[in-house]
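Right, one structure below, let's go through it.
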Amino acid sequence: MKVEIVPHDPAWRGKFENESKQVAFAFGENLVVIHHIGSTAIPNIHAKPIIDMLVEVKDIAKVDQQTDAIAALGYEGMGEFGIPGRRYFRKHDTTGTRTHHIHTFALSSSTEITRHLAFRDYMIAYPEDAHKYSELKRQLAKQYPDDIYGYMDGKDGFIKEMQTKAVAWWAAQKLES
């Protein structure tokens, strides 16, 4: 997979909103909420132009029964895909370019949900760290233009460090409110 990192596009928010309406319909009454996550949800940073959605559902087992409805939207079901309790889907456009990811978790998966939302919100609240992340991604995309695994491995340490900060920050925010 080619690694393409582009400047932030304000249209990403609208793409999320449009796609999330269709995704909500596919999940039906099992749906709790859909969040825009990942780098396209963080203003002013470079990102792969792929819209990431975190879908919270009541019952993760029902998602397996809803796979056909999600596939009808053009998504490929990938099962847990490395994260226990998750259901992961990916979508490509007609040229084969990846456009969307759906990360689905049951409400009971609060650790995974918090990890994703805290990271996003922390990066929005701390633009200096978001800028460092953006620059790292740009550097790694140049270093690994055709190696998605090299790119991902290069981000791993930074992401883990930021997630630790983000989750602590998130918890402190919850205590203050």
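Numerical summary
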{"quantity": "Cross-link pairs K91/K137; K21/K142; K21/K160; K15/K58 - those with Cα-Cα distance over 29 Å", "calculated": "K21/K142; K21/K160"}
{"quantity": "Cα-derived Rg to Rh of the chain, Kirkwood definition", "calculated": "0.95"}
{"quantity": "Helix-only mean residue ellipticity at 222 nm for the chain, each DSSP H run of n ≥ 4 adding -39500 (n - 2.57), per residue, nearest 500", "calculated": "-16500 deg cm²/dmol"}
{"quantity": "Built amide H within the under 5 Å cut-off of I37, gap 5+", "calculated": "D52, M53, L54"}
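No lab work stands behind these numbers, since they all come straight from the coordinates. Everything numeric here is computed off the predicted structure, so don't read it as measured data.
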